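Following: one structure in structure tokens, then a few remarks.
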Amino acid sequence: MEDDSLQKVAISGPILASLIQRFSSSSGAVDGLLFGHVSDVTPLSLSDDSSSSTDTQPSLRVATVTGFLCSGSTNSFYDSLGRVDSQSLNRLLDRHQSDGQAQAQPHDSLLGWFSGRRRTQLRPSMREYLVSSSLSSMKQLSFPVKDAVNPTNLIPSVFLLLTSPLSDQIIHTHEYRAFQFRSSNEFFEPKSIDIVNIGPAFRGHYGSFIPNSPFPHLLCEMRASPMNEDKNDDNLNMMKQNSKYQKQMNVCAEGFDVGNLTRLLGSEAANYTAGLEDLYEKMLAKTESLARLVEESSAQVLEQENHNRKLRYKVARYPGFE
Amino acid sequence: MSSDTVPPIIAAHINYLLNHFPLPVKIEHMWSGSRHYPGIMDRFTLVMPYCLEFVKWDIMYNAESPFSAPDIVFGPEDENFHPFSSKVDEGEGDHNSLHNSLRDWNSKDPSRLTSLLQELRDRYVSYQRKRVEGVDDERLKFELCTMLSREGIEMHLSSGVEKPEEVKFAVPLVDININKMIPGCPWRHPQKIFLQVLYPVVRKYATTPSAPRLKLVSTSELKALLSIEDIKLPTWIDGMCMAEYLPHLEESLEKQVLEAVSLIDVRRGFIEALNSFFGRPLEADPVFCRTATVITASGVFTFLVHILISTQFPKKQPSLVLQSSQHFNSQGAPIKSQLITDYPWSPRWEPLQMAERIFEFLADEALSFKRYCNEAQLQC
């Protein structure tokens, strides 16, 4: 437990940008969970000077944020005293899993949480301290450090604080700071943030790149071969699921079996291009109608949100009825 | 503070706080954290007196969910102040009952914020005490042991990067209820006198400790009765400790407070004596008898006399300000004289004689004041 200190927190530019976007587009303060992995990285410093390359450099422990879940409000998984409610936390975690369409990603652990509050000091508040303290006491949430020399487990201890400046006179619009909650002596340790971007300064990251999204299932044969029939139920369930997905996919490509691709060769090819174009056109039309559906439903969601907000203010204005 | 833009629930909490908190708290700044309704104020900076200074805490409500409990950001110096964390509570079982003002927050009860802040302040007091107790300084440790029996001591460890470490104590003195001694007392908060003691922190193996810096401080409203700056502190003898120093100081202070209270009646006697020469005063301070205003005339020239009576009366004569009721400056304000403090006076006179001598002095002074007024009016 002594050596649970992180060197720094790394976050990719797009993730940070979308986090800030979620915060700044929300109507009030927000909180949410941070996901990612912690790994021990040996710093890459290639040098022509042979004398220096003999030094063994200590590895750095870096927490890399690869995803987040914004609850859209505050007190989403804790109460007013900052005690984490494991039920609501699990609900959020489930939501994240289903959002991420992947089953139990091995790289994606709960790293910690974030809080975004407009026009406040860039210092952890009383409740934020209590939440971090409560979260880091939940041993069941611990996760292994990748590439660690000695196997180590960490508990979610990262806290990212997002604020906007108190004064209107300042030209920047957002501020953020990362902390690690050290459960050994119960305090927030400020950590530097590395924003991973493309560019010469980040070449080192290619060495430690880990694809975050899982490789898609590419099952070519949908019918189980007779050889595999005795496999256990799990496998069967998965196959059923997959065949369901496949069926859905097939609807999009109705009348255009893979077998038809053979017609791309030889004499029939000329006619067939027209057919393919037709297929693409149909697919585009479907995508477009889907986009329209999404647009309509999000308009409805927005309308409902505005309505809710009005109601809330109404209630707040007349404290008599709640 | 324009209360029309503060959500009513929050406004109710704030009003209750300002009216019921046992110490004078102030709201320094209010602002909004809402995106859609930037006019709705849901956060503010609270200025809370502590150890004869102030701590500033940012109280953050959420206009989006006005029913939920507020959160607090403490000052930048208090990064390690973590009330309600489980570690602090261990061994301090008495805090658990207080825990509840946040636990089942009820936004409809306007007293909740007040009790929450009271709780937090209590915890802040013990947090600072713990910090001071942790300082490795032999003399401080000794002073702490011998002083702790006194109630209500507040302490503060200040440690800036540039400044040397210092421990500040605020020791409440004179355990008498001054408010009760004054008939018709207008003070809402109990008035107190404190001794501010500043110890530079001396680490081990240092030379002989220097004397602490001492200063008497009173609550601001007490000035009407007693000016604390005029009280001389007994000298600090090398090698002394607070437990030796305080009893003498308290004894002499107690005498001075009693004297100051009795002086109110002396001033009242003087104001009543004015009646015989100037007629009934137009205005007089009925509680502390520090001011009176009379109207008088010299021929057709009528003017007001403001009589300002110091707490040192009758040793120190009252200051007079004359105000014409016939001459006005370019802004339309009545012309006033300078503060007049130099006229015949003896503290041994009877009140009637004092009033008579002022009356006589004014008969002469009226002429030069009239001239002064005419000149001032001509100029504009």
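From the set of residues in segment A:76-100 that are over 22 Å from residue A:27 (Cα atoms), aliphatic (A, V, I, L, M) and not in a loop (DSSP other than H, G, I, E, B), which is farthest from the other protein chains (Cβ to nearest Cβ)?
A:93
Among residues belonging to segment A:128-168 that are closer than 23 Å to residue A:25 by Cα and free of Cβ contacts under 8 Å to residues at least 60 places away in the same chain, point out the one that is farthest from the other protein chains (Cβ to nearest Cβ).
Among them, the one singled out is A:159.
Name, by its number, the condition in (1) within 35 Å of the chain's Cα centre (by Cα); (2) away from chain B (no Cβ under 14 Å); (3) modelled with pLDDT under 90 that does not hold for residue A:311.
The number of the failed condition is (2).
Residue under question is residue A:124, and the condition is that it be under 17 Å from the mean Cα position of the chain (by Cα), assigned to a loop (DSSP other than H, G, I, E, B) and either buried (at least 16 other Cβ atoms within 10 Å of the Cβ) or free of Cβ contacts under 8 Å to residues at least 40 places away in the same chain (or both); does it hold?
no
Select from segment B:99-132 the residues that are of a type in the set (Phe, Trp, Tyr) and modelled with pLDDT of 90 or more and list them in ascending order.
B:124, B:127
Yes or no: residue B:365 of a type in the set (Asp, Glu), surrounded by 14 or more Cβ atoms within 10 Å (Cβ to Cβ), under 16 Å from residue B:274 (Cα atoms) and touching a residue at least 24 places away in the same chain (Cβ under 8 Å)?
no
Restricting to segment A:288-310, name every residue that is among the aliphatic types (A, V, I, L, M) and either under 23 Å from residue B:65 (Cβ atoms) or in the same structural domain as residue A:25 (by TED's automatic domain parsing) (or both).
If the condition is that a residue be among the aliphatic types (A, V, I, L, M) and either under 23 Å from residue B:65 (Cβ atoms) or in the same structural domain as residue A:25 (by TED's automatic domain parsing) (or both), then A:301, A:302 are the ones that fit.
May I ask you to say which residue of B:375, B:360 is of a type outside the set (S, T, N, Q), more than 32 Å from the chain's Cα centre (by Cα) and at pLDDT below 90? Talk me through it step by step, then tell me what you get.
Numbers: B:360 fails: at pLDDT below 90.
One residue alone meets the criteria, B:375.
State the number of residues belonging to segment B:225-259 that are within 20 Å of the chain's Cα centre (by Cα), at pLDDT 85 or above, assigned to a helix (DSSP H, G or I) and surrounded by 15 or more Cβ atoms within 10 Å (Cβ to Cβ).
5
Among the residues of segment B:335-367, which ones are closer than 10 Å to residue B:322 by Cβ and not aliphatic (A, V, I, L, M)?
Result: B:336, B:337, B:338, B:365.
Can you tell which of A:73, A:115 is part of a loop (DSSP other than H, G, I, E, B) and surrounded by 15 or more Cβ atoms within 10 Å (Cβ to Cβ)? Outline the logic, then answer.
Values: A:115 fails: part of a loop (DSSP other than H, G, I, E, B).
Criteria check complete, one pass: A:73.
Please give the strands (runs of 3 or more DSSP E) falling wholly within segment B:1-87 in which 3 or more residues are more than 10 Å from chain A (Cβ to nearest Cβ) and under 25 Å from residue A:129 (Cβ atoms).
B:26-31, B:43-50, B:53-60
Cβ-Cβ distance below 6 Å, separation of 6 or more or different chains: which pairs start in segment B:131-147 with a residue that is outside the structural domain of residue B:169 (by TED's automatic domain parsing) and among the charged types (D, E, K, R) and end on one that is surrounded by 13 or more Cβ atoms within 10 Å (Cβ to Cβ) and in a helix (DSSP H, G or I)?
Every condition considered, no pair remains.
The values are calculated or read from the model by the stated rules, or taken from the named source; none is laboratory data. Values in this document were obtained by computation on a predicted structure and should not be read as measured data. All Cβ positions, glycine included, derive from the backbone under ideal geometry; neighbour counts span all protein chains shown.
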